[in-house]
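A short worksheet on the structure shown next.
The values are calculated or read from the model by the stated rules, or taken from the named source; none is laboratory data. The shown structure was predicted, so the numbers you read here are calculated from the model rather than taken from an experiment. Note that each Cβ is placed from the backbone with ideal geometry, even for glycine, and that neighbours are counted across all protein chains shown.
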Amino acid sequence: MGLERALKVAIAKQASAIISFGVAGGLAPGLAAGSKLVARAIVAEDGARYYGDPVWSKRLACALGGATIADIAGVDAPVAGCAEKRALHSKTGAYVADTESHIAARVAAAHGLPFAAFRVVADPADRQLPHAALVAMKPDGSIALGAIAGSILRDPRQVPQLLRIALDARAAFAALLRGRKLLAGPFGFTDFAEFLLDLPAEDVIGGPLQV
């Protein structure tokens with residue numbers, strides 16, 4: 001996996017801790033797009049539970065203006081349906097799910113490094129993801145415009161749902177960037193260049209993200 005390889009390269013260069021940033025799908029009801037969470041623990045699909053460093057997690061939550069500290073489900077594929085989201089929330093107690101934090105947590109645990117995760121809700125628990133949204137991202141994180149267009153041509157009824165999801169995603173990425181800036185002072189994250197390369201400059205509607 002690309003993320004796992006990148007983390008191991010960073011560890012080989014004497015990284016002393018791992019923090020995972022990104023967006024996530026909501027599992028708990030009532031979490032609007034843009035809601036900020038810090039991981040209490042990451043619950044992987046195999047049942048493994050990786051706890052965030054409690055001191056670091058509390059500092060993160062405070063620096064983010066009181067972000068909720070809760071469990072996060074680590075999944076290998078996006079959770080698309082409302083029923084699936086409810087089931088995963090009931091099974092794990094996790095508030096959100098994402099496809100990367102469990103990889104970062106597993107690598108941190110394997111190397112005995114402190115770990116923390118910060119996630120922003122991109123799609124609420126009551127939002128059903130259409131096919132076009134599930135194929136929207138390439139493995140490198142860029143937008144798969146061809147796959148989106150092909151999916152919409154096959155089923156144009158997705159368009160209204162896709163536009164709502166685009167607005168949610170816009171709110172999520174804007175909140176993620178604001179959160180990243182809030183952490184710059186307390187945690188010394190002063191170089192935004194690498195982080196910004198991991199985020200799209202525009203949402204699927206085409207407007208620039210305000211940072």
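Keeping to segment 70-98, report how many residues are free of Cβ contacts under 8 Å to residues at least 40 places away in the same chain and surrounded by 18 or more Cβ atoms within 10 Å (Cβ to Cβ).
Looking only at that region, the number is 3.
Restricting the search to segment 8-47, which residues are of a type in the set (D, E, K, R), free of Cβ contacts under 8 Å to residues at least 40 places away in the same chain and out of contact with any strand residue (DSSP E or B) (no Cβ under 9 Å at 6 or more places or on another chain)?
Passing the criteria: Lys13, Asp46.
In segment 101-125, what count of residues is obtained for those that are within 24 Å of Gly66 (Cα to Cα) and part of a loop (DSSP other than H, G, I, E, B)?
3
Of all the residues that make up segment 40-73, how many are of a type in the set (Gly, Ala, Ser), under 19 Å from Ala110 (Cα atoms) and touching a Phe, Trp or Tyr at 6+ places or on another chain (Cβ under 8 Å)?
3
What residue, among those in segment 10-31 that are assigned to a loop (DSSP other than H, G, I, E, B), surrounded by fewer than 11 Cβ atoms within 10 Å (Cβ to Cβ) and small (Gly, Ala, Ser), is modelled with the lowest pLDDT?
Selected residue: Ser16.
Of all residues in segment 35-69, count the ones that are in a loop (DSSP other than H, G, I, E, B) and surrounded by fewer than 21 Cβ atoms within 10 Å (Cβ to Cβ).
Within segment 35-69, residues that are in a loop (DSSP other than H, G, I, E, B) and surrounded by fewer than 21 Cβ atoms within 10 Å (Cβ to Cβ) number 8.
Being among the polar types (S, T, N, Q) and either buried (at least 20 other Cβ atoms within 10 Å of the Cβ) or modelled with pLDDT under 85 (or both) is the requirement here; does Ser142 meet it?
Yes.
Is segment 48-67 home to any residue that is free of Cβ contacts under 8 Å to residues at least 24 places away in the same chain, under 24 Å from Ala87 (Cβ atoms) and among the small types (Gly, Ala, Ser)?
There is no residue in segment 48-67 that is free of Cβ contacts under 8 Å to residues at least 24 places away in the same chain, under 24 Å from Ala87 (Cβ atoms) and among the small types (Gly, Ala, Ser).
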